[in-house]
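A.B. asks: Please find one structure pasted underneath; my questions will follow.
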Amino acid sequence: MIFTGLIIAGGYSNRFKGFKPLANINGESFLSNICIKLHGLSKNTVIVTGHKHQLIEDHIKEKDFLNTFCINNKDFKKGMSSSILIGLKHIKERFPESHTIYQPVDIPHIAPDTYFKLIQTTKERNPEILKPSYNMKGGHPLIISPNTRDILIERLREDNLKIAIKKIGIKMEYLNTDDISVIQDIDTPEDLDNYLSDIRFIPV
């Protein structure tokens, strides 16, 4: 069983008041934090860019991450679903047998052990979709099977990911964790300050 990371980093980051993918957290950019954690767990990593795509491409080239590819979504203004669709289609074409580890760029602080547990659980259960949870609330990253990926590609032309999963009727499996980060999107400067101050917060 092989895995490919899919990081969505194409939005404007309006609420953040800065370019979120390259913002600093723990000495690395949001994007680098995720890539570093995926290295060794995923065979390849696909980053879908959009707004300021050249900055991300230059950053990844400078970091020299192995087997990490950037794809520019020229239609990123249509929303995250368009970026997810492009990413899943690319993975289907390049790595058809691969499970997808999907997450947005605004959750860079997930514990490395959480990724490891999700992958191990996927190998044991082989679910259609596996989602981590904290206190019974689902979060990210999602691990998506190749079969489910292919079905979602068709649905995402019309619906967002949440609605597509619901309409298809895919059974979502959960892995409960003690990692609150899985439900902590960093959407604003205040969110980042709270994290850096080690104040535990739950997004609205």
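Bear in mind that the values in this text are calculations on the coordinates, not laboratory data. From a predicted model like this one, the values you see are computed outputs, not experimental measurements. Don't worry about glycine lacking a Cβ; one is built from the backbone with ideal geometry, like all the others, and counts go over all protein chains shown.
A.B. asks: Give, in nm to one decimal, the length gained when the segment between D193 and Y12 is fully stretched (0.36 nm per residue of separation minus the Cα-Cα distance).
C.D. replies: Taking 0.36 nm per residue and subtracting the Cα distance, the gain is 63.2 nm.
A.B. asks: Tell me which of P21, S83, I2 sits at the most positive position along the dipole axis of the chain, charges placed on C-beta atoms (Lys, Arg +1; Asp, Glu -1).
C.D. replies: Positive-end residue among those listed: S83.
A.B. asks: I'd like the trypsin sites (Lys or Arg not before Pro) in the range 5-72 restricted to DSSP loop residues with at most 11 other Cβ atoms within 10 Å, sorted by number.
C.D. replies: Sparse-neighbourhood loop trypsin sites (Lys or Arg not before Pro): K17.
A.B. asks: About the Cα centre of the chain, how large is the charge dipole given +1 on each Lys and Arg Cβ and -1 on each Asp and Glu Cβ? Please answer in debye to the nearest 20.
C.D. replies: 640 debye
A.B. asks: Ok, one more. Return the whole-Å distance between the Cα centroid of the range 16-86 and the Cα centroid of the range 160-198.
C.D. replies: 18 Å
A.B. asks: For the range 7-71: lysine pairs with Cα atoms under 21 Å, gap of 8 or more or different chains, count?
C.D. replies: 11
A.B. asks: Expressed in nm to one decimal, what extension gain is obtained for the pair L55 and K43 from 0.36 nm per residue of sequence separation less their Cα-Cα distance?
C.D. replies: Answer, rounded to one decimal: 1.9 nm.
A.B. asks: Expressed as a whole percent, how much of the Cα-Cα distance distribution for the chain exceeds 23 Å?
C.D. replies: 41 percent
A.B. asks: Right, next: At R0 = 22 Å, how high is the FRET efficiency between D64 and I25 if r is their beta carbon distance? Nearest 0.05 is fine.
C.D. replies: For R0 = 22 Å, the calculated efficiency reads 0.65.
A.B. asks: Would you work out the charge dipole size for the range 89-160 about its Cα centre, treating the Cβ of every Lys and Arg as +1 and the Cβ of every Asp and Glu as -1, and quote it to the nearest 20 debye?
C.D. replies: 80 debye
A.B. asks: How far, in nm, would the chain grow between K171 and N147 when pulled straight, counting 0.36 nm per residue and subtracting the alpha carbon separation?
C.D. replies: That pair, K171 and N147, stretches by 7.4 nm at full extension.
A.B. asks: Can you return the aspartates and glutamates within cross-link range of K92? Criterion is Cα-Cα under 18 Å, with same-chain partners fewer than 8 residues away left out.
C.D. replies: Straight-line reach from K92, under 18 Å: E128, D150, E154.
A.B. asks: Could you give each residue of the range 75-80 its phi-based ³J(HN,Hα) in whole Hz, using Karplus coefficients 6.51, -1.76, 1.60 with θ = phi - 60°, and x for Gly or Pro?
C.D. replies: 9, 4, 5, 6, x, 4
A.B. asks: Return the loop-located GluC sites (Glu not before Pro) in the range 134-204 (DSSP other than H, G, I, E, B) with at most 11 other Cβ atoms within 10 Å of their own Cβ; answer none if there are none.
C.D. replies: Listed in order of number, the matching sites are E158.
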